[in-house]
Amino acid sequence: MTSQAAERLWSGCKAMGIELDASQRERFAAFDAHLCQANAAMDLTAVLDPEEAVDRHYLDSLTVLRRPDWIPQGARIVDVGAGAGFPGIPLLIARPDIQATLLDAQRKRVDFLHRVIQALGLRAQAFHLRAEDAARQTGHRERYDVAVSRAVAGLPTLLELTLPLVRVRGCTLAWKGPAALEEFEAASRAAAMLGGRLCLPEPAPVPGRDWRHLLIAAEKEIETVRQYPRKAGIPARKPLGILP
């Protein structure tokens with residue numbers, strides 16, 4: 001991580017009320033080094049400028065921490081479609097009290113996440129597993145306090161992938177752009193079908209940027225019926241909540 005990128009990350013965190021100690025700063029720098037090295041071989045991210053990466057990946061992942069109630073102390077979280085580790089890895093570094101399960105459908109990404117978890121000593125595990133399949137396993141279904149996902153799918157589809165993984169009174173958190181507002185009515189219906197309630201979107205500003213990023217939460221009110229999620233691929237092809 002360049003000195004300019006590091007300073008941007010530290011100052012951005014401070015602007016969001018996030019204080020990082022020396023150990024956390026070292027972990028962020030180590031994660032960035034692993035990501036840059038692996039990205040040359042496997043195309044983990046298209047964002048190559050170091051300072052843009054700080055804003056678009058690291059700070060954006062941490063915007064959820066403006067609301068401490070969304071991720072309670074000691075929470076168990078699941079990152080669906082973790083990819084290169086966003087938002088899960090930055091959250092684990094900034095919040096060492098939590099533990100995480102990282103899910104991804106591509107083996108090479110999961111192998112990368114295993115290496116990062118081991119090198120940084122994070123309280124996490126990674127699985128080569130689709131969310132639809134994970135949610136039919138007793139070790140994952142309704143086992144998590146919070147599900148997080150970033151740039152994975154349309155909102156109605158995303159709710160079918162995440163709400164079955166969350167316990168009653170837990171929640172899912174989705175990082176979305178302003179286009180998600182067009183999906184809100186359908187997503188509200190989908191959430192109800194899955195045992196949840198969709199909350200109003202909240203702005204997720206990144207310091208120094210004018211991006212209109214949103215965080216959308218869905219609270220789990222009752223258990224998800226066993227028919228959901230449907231088999232892999234169906235939630236994306238036929239999203240819940242879409243009226244004929």
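The values are calculated or read from the model by the stated rules, or taken from the named source; none is laboratory data. A quick note: this is a predicted structure, and the numbers were derived from the prediction, not measured. Counting neighbours? That spans all protein chains shown, and the Cβs are built from the backbone with ideal geometry, glycine included.
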Tabulated pairs, the range 2-16, first in contact (Cβ under 8 Å) with a residue 24 or more places away in the chain and surrounded by 12 or more Cβ atoms within 10 Å (Cβ to Cβ), second assigned to a helix (DSSP H, G or I) and of a type in the set (A, V, I, L, M, F, W, C), C-beta under 6 angstrom, 6+ apart or interchain: A5/V54; R8/V54; L9/V54; G12/L59
Considering residues of the range 209-244 that are small (G, A, S) and within 19 Å of the chain's Cα centre (by Cα) only, the residue modelled with the lowest pLDDT: A236
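Looking at V168, is it in contact with a Lys or Arg (Cβ under 8 Å, 6 or more places away or on another chain) and under 28 Å from L200 (Cα atoms)?
Values: in contact with a Lys or Arg (Cβ under 8 Å, 6 or more places away or on another chain): yes; under 28 Å from L200 (Cα atoms): yes.
In short, yes.
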Residue within the range 199-209 that is under 23 Å from L102 (Cβ atoms) and assigned to a strand (DSSP E or B) present: no
Odd one out for G170, checked against (1) touching a residue at least 60 places away in the same chain (Cβ under 8 Å); (2) surrounded by 18 or more Cβ atoms within 10 Å (Cβ to Cβ): (1)
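Can you go through A105, A75, A53, A84 and tell me which one is surrounded by fewer than 21 Cβ atoms within 10 Å (Cβ to Cβ), among the small types (G, A, S) and at pLDDT below 95?
Working: A75 fails: at pLDDT below 95; A53 fails: surrounded by fewer than 21 Cβ atoms within 10 Å (Cβ to Cβ); A84 fails: surrounded by fewer than 21 Cβ atoms within 10 Å (Cβ to Cβ).
The match here is A105.
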Unique residue being β-branched (V, I, T), touching a helix residue (DSSP H, G or I) at 6+ places or on another chain (Cβ under 7 Å), under 19 Å from L65 (Cβ atoms) and modelled with pLDDT under 95 when the list is V152, V206: V206
Cross-chain or 6+ apart pairs with Cβ under 7 Å, the range 190-217 first and surrounded by fewer than 16 Cβ atoms within 10 Å (Cβ to Cβ), then of a type outside the set (S, T, Y) and in a loop (DSSP other than H, G, I, E, B): R197/E221; P207/M16; R212/G177
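If you check A187 against the conditions, is it touching a strand residue (DSSP E or B) at 6+ places or on another chain (Cβ under 9 Å), closer than 21 Å to D60 by Cβ, modelled with pLDDT of 95 or more and part of a helix (DSSP H, G or I)?
Details: touching a strand residue (DSSP E or B) at 6+ places or on another chain (Cβ under 9 Å): yes; closer than 21 Å to D60 by Cβ: yes; modelled with pLDDT of 95 or more: yes; part of a helix (DSSP H, G or I): yes.
Considered against the rule, which asks whether it is touching a strand residue (DSSP E or B) at 6+ places or on another chain (Cβ under 9 Å), closer than 21 Å to D60 by Cβ, modelled with pLDDT of 95 or more and part of a helix (DSSP H, G or I), A187 comes out as yes.
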Enumeration of residues in the range 19-28 that are touching a residue at least 60 places away in the same chain (Cβ under 8 Å) and either of a type in the set (K, R) or in contact with a Lys or Arg (Cβ under 9 Å, 6 or more places away or on another chain) (or both): L20, R27
Every pair of residues 6+ apart whose Cβ atoms lie under 9 Å, when the first sits in the range 37-48 and is in contact (Cβ under 8 Å) with a residue 24 or more places away in the chain and more than 14 Å from V110 (Cα to Cα) while the second is among the charged types (D, E, K, R) and surrounded by 10 or more Cβ atoms within 10 Å (Cβ to Cβ): T45/R56
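Scan the range 196-217 for residues that are more than 16 Å from P239 (Cα to Cα) and in contact with a Lys or Arg (Cβ under 7 Å, 6 or more places away or on another chain) and report the count. Steps first, please.
We begin by selecting, within the range 196-217, every residue more than 16 Å from P239 (Cα to Cα); these are 197, 199-217.
Then keep just the ones that are in contact with a Lys or Arg (Cβ under 7 Å, 6 or more places away or on another chain); that gives 214, 216.
Matching residues across the range 196-217 total 2.
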Options P90, P72: the member that is touching a residue at least 60 places away in the same chain (Cβ under 8 Å) and assigned to a loop (DSSP other than H, G, I, E, B): P72
Single residue of D97, D133 found to be surrounded by fewer than 20 Cβ atoms within 10 Å (Cβ to Cβ), of a type outside the set (G, A, S) and assigned to a loop (DSSP other than H, G, I, E, B): D97
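Of everything in the range 52-79 that's among the charged types (D, E, K, R) and out of contact with any His (no Cβ under 8 Å at 6 or more places or on another chain), which residue is nearest to G177 (Cα to Cα)? Quick ask: steps written out before the conclusion?
Pass one, the range 52-79, residues among the charged types (D, E, K, R): 52, 55-56, 60, 66-67, 69, 76, 79.
Next cut, out of contact with any His (no Cβ under 8 Å at 6 or more places or on another chain) only: 52, 55-56, 66-67, 69, 76, 79.
Values: E52: 17, D55: 15, R56: 12, R66: 18, R67: 18, D69: 22, R76: 26, D79: 18 Å.
Applying the filter and picking the extreme gives R56.
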